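The values are calculated or read from the model by the stated rules, or taken from the named source; none is laboratory data. Predicted model, so just to flag it, every value in this text is computed and none were measured. Positions of Cβ are generated from backbone atoms using ideal geometry, with glycine treated the same way; all protein chains shown enter the neighbour counts. Note: areas computed on protein heavy atoms with side chains; ligands, DNA, RNA excluded. Shrake-Rupley method; radii C 1.70, N 1.55, O 1.52, S 1.80 Å.
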Amino acid sequence: MIKINKKDSIIDIIIKIDNCKQKEIILDFPFGHPILHNYTSLKIIKNKSEKKDLIIITNDKTAKKIGSKL
């Protein structure tokens, strides 16, 4: 599981994904993280983890609606 901090940018998250050696990537986002509300950022994260299974954990209901479109 990769814990995402409130101040992590898209670049920080991509670096964490690239450094992850597991086949399944679990990203744990805090409530209200700005990347979760940005469709383009979520699309970039999805494309960077293309060869691995991606799971995003959050309590943010609005972000879940945006992410479900991917």
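What the table shows:
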| read-out | value |
| --- | --- |
| Accessible area of the chain belonging to carbon and sulfur atoms, whole % at 1.4 Å probe | 54 percent |
| Size of charge dipole - the chain - debye, nearest 20, with Cβ of Lys, Arg +1 and Asp, Glu -1, no other charges | 140 debye |
| D (Stokes-Einstein, µm²/s), Kirkwood Cα radius, the chain, 1.002 mPa s at 20 °C | 179 µm²/s |
